[in-house]
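Here the structure comes first, spelled out in structure tokens, and everything after it is commentary.
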Amino acid sequence: MKKIFLTALSLLLAFATYAQNVEFTKEAFPNDKKGLKTAKKNFEDGEKLLADGLYREAYEPLSKAYNFNPNNAKLNFDLFKCTYNLKKESESFGFLNRAYSLDPNVDPDIVYFKGMERQSSYDFGKAIEFYNKVPASSKWKKNADKRIRDCLFGQNSIGKQVRCFIDNAGGNINTQYDEYNPVVTADGRMIYFTSRRDYKKAKFSDDGNYFENIFYSKQSGDDNWSPSVMVEGINNLKDHDAVQGVTVDGRKMLIYRADGNGDLYETTKKGSKWEKPKAIKAINTDAHETSATYSYDGKTIYFCSDREGGYGEHDIYRSVMDAKGHWSKPENLGPVVNTPYDEKSVFAHPDGKTLYFCSDGHPGYGGFDIFVTTFVNGAWTEPVNIGYPVNTSGDDAYFVITADKRTGYYSSKQVGGQGGYDIYKIAFLGPEKEFAYRSENDLIDGVESFVDIDIKNEQIPIEESRLTLLRGIVVDADTKQPIPDANIDLYDIVENIQLLSFSSDDEGRFLLSLPSGRNYGENINAPGYLFHSENFNIPDTATYQIIEQVIELDKIAVGKSIVLNNIFFDFDKATLKPESIMELEKVYDLMTANPQMKVELSGHTDNKGTAAYNKNLSMQRAQVVMNYLLKKGIKKNRMKAVGYGFDRPIDTNDTDEGRAHNRRTEFTIID
């Protein structure tokens, strides 16, 4: 059992304990009438600006008044509201505690915020006492009741823990300003994120901070991030632009723009440049659409909206792409996932069934916590709080995780950061390693805290990722040079459906996520080249793996051949299996596109059985393939069927794997 003592000293608060409330009156300042007059005017000007929600503008005159009289409870409470809304929690709680010590009745709402301050330090019992004092007439009463529920949850679950290290992503990504919305490619090699930093032509928004812009960084060889760079072509610099999600291959991006109430846009990467973002009309409404993510195949968008007809404030919805590439009418994920409060920052894992999101409606430690739900048997499971210390008593949001579920990223405001909200890396540990905990992650600078948190040795298990990450590069077989914009098509060959189609990048690279439990056919082709096919039959029990591919495409020429890896026959028979249809259609498309091409379709076997038997079986199989193409309209004089038996092995016949390679159908250009 470990004892963790959260301690933070504040001279300001210690002094405030003995201070008395001082009004801006002549009696209090008999010897400085001029200074009093100026201070009162600053106080009045600041309160007017504060009433209009202009927190940054109000802060300056209120601070001047504070320099004259730091012992006025109302002024301290006003400065609390300014700094709290400017996301300066450490400074704001100092003003709050000073205001409360000067006059605990300065404002009926102060007890609500005192509860928040105690909850932020994991002093759940004291926080509940304050929340219970919130008047029934207060606009914060409903929130107070919800926070009491969260405090009770915190008391009962703080002893459970996620085994992890939480570290700042570093100065190449984070600045003194806010960084959030990390979006990481499935293999963890590139990160896109949103920043409110001062950059070139950056301007201030109405909330007093710089507008949001989108940046990116690449993983360097030493497991660090390269210096971040603004993404060219998609930031308008005149309003908010925030990254929301990217497809697994990194070729499409969802962004948020503050058009009207806020809408979602989509942009596509061509070569090394992003195209002009286009509004997603099927999703956007007059409400606030934000926080979106793609499914693993890019054919579903999950997003958050506060449109009418939902279960609460922002709910999670989904829209599905139809056969024509159009997005469907969005549907709500339902009351199991959504609550009467806010659900935001949604992320779909590449395994095709797991959804992470943040919520202040499900039971948590305070503010927004991160939850996970899984799509099982046609329904979403009850969301689960992913646990402490990833979730804290503050706002924890914008959580993403790599394909192997071992490395996560999220946005948090912690002691020792670069400033504002920073992006943090979470390394989830296995059970065999000793848990390492950095208590300073949960301190809020400047807050008095002497709370004894009892951390028991209970552990929250880490679910094993069940998917295959396919990472490859397409090159010319002769020159070995990359082939950009090669077509990569992925099929479910059992269901005979195309799952996705996309292109390699300008370096010929591609990335695919293959959730376990499917029989996949992969086809890679480019104009002027023969196609290449692969088969990945991945059982539902298969755990995380990475497959690296170097795909060498042969230019169309006499003598060139390809192995048709997705043509299957019943055991010891010449009967085509239905799984072969997608591959046969690719052969048909190739011959249709090249009407002068003549080919040899050859069957091959392993060395089990007699030579005569295998030649006959291989000939029958080659003939069946040719017959399929004949029925599709390919002329007989363009094809020749040959059975070679086991005369032409491409692998050893001494192993099961080798014999499987030798059992094949080939396609060879003969004229």
For Ser533, the lone unmet condition from (1) among the hydroxyl-bearing types (Ser, Thr, Tyr); (2) in contact with a Gly (Cβ under 7 Å, 6 or more places away or on another chain); (3) farther than 24 Å from Ile567 by Cα is (3)
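Residues in segment 282-316 that are part of a loop (DSSP other than H, G, I, E, B) and without any contact (Cβ under 8 Å) to a residue 40 or more places away in the chain: how many? If you could, list the steps in order and put the result at the bottom.
To start, the set of residues in segment 282-316 that are part of a loop (DSSP other than H, G, I, E, B) comprises 282-288, 295-299, 306-314.
Remaining after also requiring without any contact (Cβ under 8 Å) to a residue 40 or more places away in the chain: 284-288, 306-311, 313-314.
Total meeting the criteria: 13.
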Looking across segment 89-114 at residues that are surrounded by fewer than 21 Cβ atoms within 10 Å (Cβ to Cβ) and within 18 Å of Gly394 (Cα to Cα), the single one that is farthest from the chain's Cα centre (by Cα) is Glu91
Please work out which residue is farthest from the chain's Cα centre (by Cα), limiting yourself to segment 513-555 and to residues that are under 22 Å from Thr185 (Cα atoms) and not in a strand (DSSP E or B).
Ala542
Could you check segment 351-381 and list, in sequence order, the residues that are farther than 15 Å from Tyr410 by Cβ, in contact with a strand residue (DSSP E or B) (Cβ under 7 Å, 6 or more places away or on another chain) and either open to solvent by 30 Å² or more (accessible area, probe 1.4 Å) or hydroxyl-bearing (Ser, Thr, Tyr) (or both)?
Gly352, Lys353, Thr354, Pro363, Thr373, Thr374, Trp380, Thr381
Could you list, in sequence order, the residues of segment 148-161 that are at pLDDT 90 or above and either among the aliphatic types (A, V, I, L, M) or within 27 Å of the chain's Cα centre (by Cα) (or both)?
Ile148, Asp150, Leu152, Phe153, Gly154
I need the full set of residues from segment 212-227 which are in contact (Cβ under 8 Å) with a residue 24 or more places away in the chain and open to solvent by 30 Å² or more (accessible area, probe 1.4 Å), in order please.
Tyr216, Lys218, Gln219, Asn224, Ser226, Pro227
For segment 619-671, how many residues meet the condition of being more than 11 Å from Leu601 (Cα to Cα), in contact with a Ser or Thr (Cβ under 7 Å, 6 or more places away or on another chain) and aliphatic (A, V, I, L, M)?
0
Got a number for residues in segment 154-180 being more than 22 Å from Asp241 (Cα to Cα), surrounded by 18 or more Cβ atoms within 10 Å (Cβ to Cβ) and touching a strand residue (DSSP E or B) at 6+ places or on another chain (Cβ under 8 Å)?
7
What number of residues within segment 621-659 are open to solvent by 20 Å² or more (accessible area, probe 1.4 Å), within 47 Å of the chain's Cα centre (by Cα) and more than 18 Å from Glu583 (Cα to Cα)?
10
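Residue by residue through segment 237-255, note down the ones that are closer than 23 Å to Asp297 by Cα and open to solvent by 30 Å² or more (accessible area, probe 1.4 Å).
Let us first name the residues in segment 237-255 that are closer than 23 Å to Asp297 by Cα, namely 242-255.
Of everything in segment 237-255, those that are closer than 23 Å to Asp297 by Cα and open to solvent by 30 Å² or more (accessible area, probe 1.4 Å) turn out to be Asp249, Lys252.
Which members of segment 592-614 meet the condition of being surrounded by 20 or more Cβ atoms within 10 Å (Cβ to Cβ) and out of contact with any Asp or Glu (no Cβ under 6 Å at 6 or more places or on another chain)?
If we filter segment 592-614 for residues that are surrounded by 20 or more Cβ atoms within 10 Å (Cβ to Cβ), which is where we start, we get 599, 601-606, 614.
Once the filter is applied, which keeps residues that are surrounded by 20 or more Cβ atoms within 10 Å (Cβ to Cβ) and out of contact with any Asp or Glu (no Cβ under 6 Å at 6 or more places or on another chain), segment 592-614 yields Val599, Leu601, Gly603, His604, Thr605, Asp606, Asn614.
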Can you tell me which residues in segment 571-587 are of a type in the set (D, E, K, R) and open to solvent by 70 Å² or more (accessible area, probe 1.4 Å)?
Asp572, Lys573, Lys577
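The values are calculated or read from the model by the stated rules, or taken from the named source; none is laboratory data. Predicted, not measured: the structure shown is a model, and the values here were computed from it. FYI the Cβ positions are ideal-geometry reconstructions off the backbone, even for glycines, and counts take in every protein chain you see. Surface areas here come from the heavy atoms of the whole protein model, side chains and all, with no ligands, DNA or RNA. Shrake-Rupley method; radii C 1.70, N 1.55, O 1.52, S 1.80 Å.
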